Amino acid sequence: MSQLITPEEFRYYGVTIIQCNGGGTGQFFKGGREKNWSASSRDLEEFKAHFGSTPLVCSIVWKLLNKYELQPPGGCAFHMLWALLFMKIYSNQLVLAKMVGADPKTFGKWSCLFVNAIHKLQPFVVS
């Protein structure tokens, strides 16, 4: 089972991706998680504009993916955010990969895996 991610951590990862300060490469995962950061209400607004959701909803989706064993093996929180970015903006892979600082093939692989995983949650969350 993968590690659970809090809404605050999702907000941090989202802001990092938006600012492209290593969010695309996952550098913030290598040395452990940063806990001492703060985000403004504008950061939350930008998060919603880019990912179409709030950090709280992202955390809930992450927990559901783990609960129903749907999370792609090796997938990280920022990969799920890539998928949400793809679904929200729906631009081509090359443009979105450039936005997050990732290789287009890597972006395509992880965003597709997470879009499919999130889709598979439908029987569990829609009545």
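As a footprinting exposure proxy, order M80, M87 by other Cβ within 10 Å, with the fewest listed first.
Values: M80 27, M87 15.
Placing the least packed residue first, the sequence is M87, M80.
Could you please report the charge total around L113, scoring K, R as +1 and D, E as -1 over all other residues with beta-carbon less than 13 angstrom from its beta-carbon? Show your work: numbers first, answer last.
Details: positive: K105, K109, K120; negative: none.
The answer is +3.
Tally Lys and Arg at +1 and Asp and Glu at -1 over the other residues with C-beta under 14 Å from the C-beta of Q93: what net charge comes out?
On the way: positive: K98, K105, K109; negative: D103.
Spelling it out: positives minus negatives among the neighbours equals +2.
Computed from backbone phi, the HN-Hα couplings of the stretch 94-99 come to 5, 5, 5, 4, 5, 4 Hz, rounded to whole numbers (Karplus: 6.51 cos²θ - 1.76 cosθ + 1.60, θ = phi - 60°; Gly and Pro given as x).
Throughout, read-outs are computed from the coordinates displayed, never taken from laboratory work. All figures in this text were calculated on a predicted structure; none of them were measured in a lab. Reconstructed Cβ throughout: ideal geometry from the backbone, glycine too, with neighbour counts over all protein chains shown.
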